[in-house]
1. So which residues in segment 93-130 are hydroxyl-bearing (Ser, Thr, Tyr), surrounded by 13 or more Cβ atoms within 10 Å (Cβ to Cβ) and over 18 Å from the mean Cα position of the chain (by Cα)?
2. Out of Val70, Val133, Val165, report the one residue that is without any contact (Cβ under 8 Å) to a residue 40 or more places away in the chain and of a type in the set (A, V, I, L, M, F, W, C).
3. So which residues in segment 35-91 are assigned to a helix (DSSP H, G or I), among the polar types (S, T, N, Q) and within 17 Å of the chain's Cα centre (by Cα)?
4. Residues Val133, Val144, Val171, Val90: which one is at pLDDT 95 or above, surrounded by fewer than 18 Cβ atoms within 10 Å (Cβ to Cβ) and among the hydrophobic types (A, V, I, L, M, F, W, C)?
5. Can Gly75 be described as modelled with pLDDT of 90 or more, surrounded by fewer than 22 Cβ atoms within 10 Å (Cβ to Cβ) and over 23 Å from Pro23 (Cα atoms)?
6. Could you figure out which of (1) in contact (Cβ under 8 Å) with a residue 24 or more places away in the chain; (2) surrounded by 10 or more Cβ atoms within 10 Å (Cβ to Cβ) isn't true of Gly47?
7. Would you confirm whether or not segment 15-37 contains a residue that is among the β-branched types (Val, Ile, Thr), in contact (Cβ under 8 Å) with a residue 60 or more places away in the chain and more than 23 Å from Val144 (Cβ to Cβ)?
8. Going by the conditions given, is Val33 in contact with a helix residue (DSSP H, G or I) (Cβ under 6 Å, 6 or more places away or on another chain) and surrounded by 15 or more Cβ atoms within 10 Å (Cβ to Cβ)?
Amino acid sequence: PQEATLYVIASPVGPYFPDGFKPITVVADTVNVRAWPGGAGDTKIGGNYAPTIKPVLDAAAQTDGRAQQVLFLFGDDHRVTEVGSMNVFVVLRTASGVELVTAPLSGDILPGVTRRSILDLARADPASVGVDVVSERVFTMPEVVAASREGRLLEVFGAGTAAVVCPVREVVYQ
């Protein structure tokens with residue numbers, strides 16, 4: 001063919017969670033694994049989402065309905081991976097200044113468009129988003145807990161196409 005027709009369908013994005021655009025509660029899950037290394041965790045397929053349904057229901061029951069999502073941890077050191085439907089970010093005060101951190105793309109993290117946009121914008125002009133350092137690195141729940149206890153945990157949020165950017169009010173851990 002000499003020609004092609006491209007159709008673009010646009011629609012507004014509404015709230016992903018039933019309570020609207022409000023901070024959510026997540027339960028840090030040390031038992032269930034969203035994606036195993038060497039698997040398909042970096043691919044948007046149903047097999048990565050279906051196994052998260054029961055842990056989300058369990059998290060809601062564990063918190064009397066407060067929790068809307070699960071923060072999946074991996075390994076004995078409780079490495080932070082993803083929230084069920086979102087990439088996860090933390091903002092920490094460190095010796096180097098304010099650091100925006102998310103897990104690296106190591107095969108078990110979805111390389112989300114919203115994730116990439118946040119990282120690109122933060123790297124292009126860190127001061128405009130209030131950070132000094134932008135990191136894709138392994139980080140653990142014990143590190144997040146220590147930062148919180150020391151007053152260095154400034155923000156936790158998730159980001160995804162459907163959930164957009166979603167602040168986390170509370171992380172229930174152990």
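1. From segment 93-130, those hydroxyl-bearing (Ser, Thr, Tyr) are 94, 96, 102, 106, 114, 117, 128; that's our starting set.
Retained after the next criterion (residues that are surrounded by 13 or more Cβ atoms within 10 Å (Cβ to Cβ)): 94, 102, 106, 114.
Matches in segment 93-130: Thr94 only.
2. Working: Val70 fails: without any contact (Cβ under 8 Å) to a residue 40 or more places away in the chain; Val165 fails: without any contact (Cβ under 8 Å) to a residue 40 or more places away in the chain.
None of the others qualify; the one that does is Val133.
3. Filtering segment 35-91 down to residues assigned to a helix (DSSP H, G or I) leaves 46-48, 50-62.
Of the ones still in play, those that are also among the polar types (S, T, N, Q) are 48, 52, 62.
Answer for segment 35-91, where residues must be assigned to a helix (DSSP H, G or I), among the polar types (S, T, N, Q) and within 17 Å of the chain's Cα centre (by Cα): Asn48, Thr52.
4. Result of the check over Val133, Val144, Val171, Val90: Val133.
5. Values: modelled with pLDDT of 90 or more: yes; surrounded by fewer than 22 Cβ atoms within 10 Å (Cβ to Cβ): yes; over 23 Å from Pro23 (Cα atoms): yes.
Yes.
6. Among (1) in contact (Cβ under 8 Å) with a residue 24 or more places away in the chain; (2) surrounded by 10 or more Cβ atoms within 10 Å (Cβ to Cβ), Gly47 violates only (1).
7. From segment 15-37, those among the β-branched types (Val, Ile, Thr) are 24-27, 30-31, 33; that's our starting set.
In the following step, the residues that additionally are in contact (Cβ under 8 Å) with a residue 60 or more places away in the chain were identified as 24-27, 30.
Filter once more, so that each one left must be more than 23 Å from Val144 (Cβ to Cβ): none.
The answer is no; no qualifying residue exists.
8. Values: in contact with a helix residue (DSSP H, G or I) (Cβ under 6 Å, 6 or more places away or on another chain): no; surrounded by 15 or more Cβ atoms within 10 Å (Cβ to Cβ): yes.
For Val33, the condition - in contact with a helix residue (DSSP H, G or I) (Cβ under 6 Å, 6 or more places away or on another chain) and surrounded by 15 or more Cβ atoms within 10 Å (Cβ to Cβ) - is not met.
The values are calculated or read from the model by the stated rules, or taken from the named source; none is laboratory data. What you are looking at is a predicted structure, and each value in this text was computed from that prediction instead of being measured. As a convention, Cβ positions derive from the backbone with ideal geometry for all residues, glycine included, and neighbour counts pool all protein chains shown.
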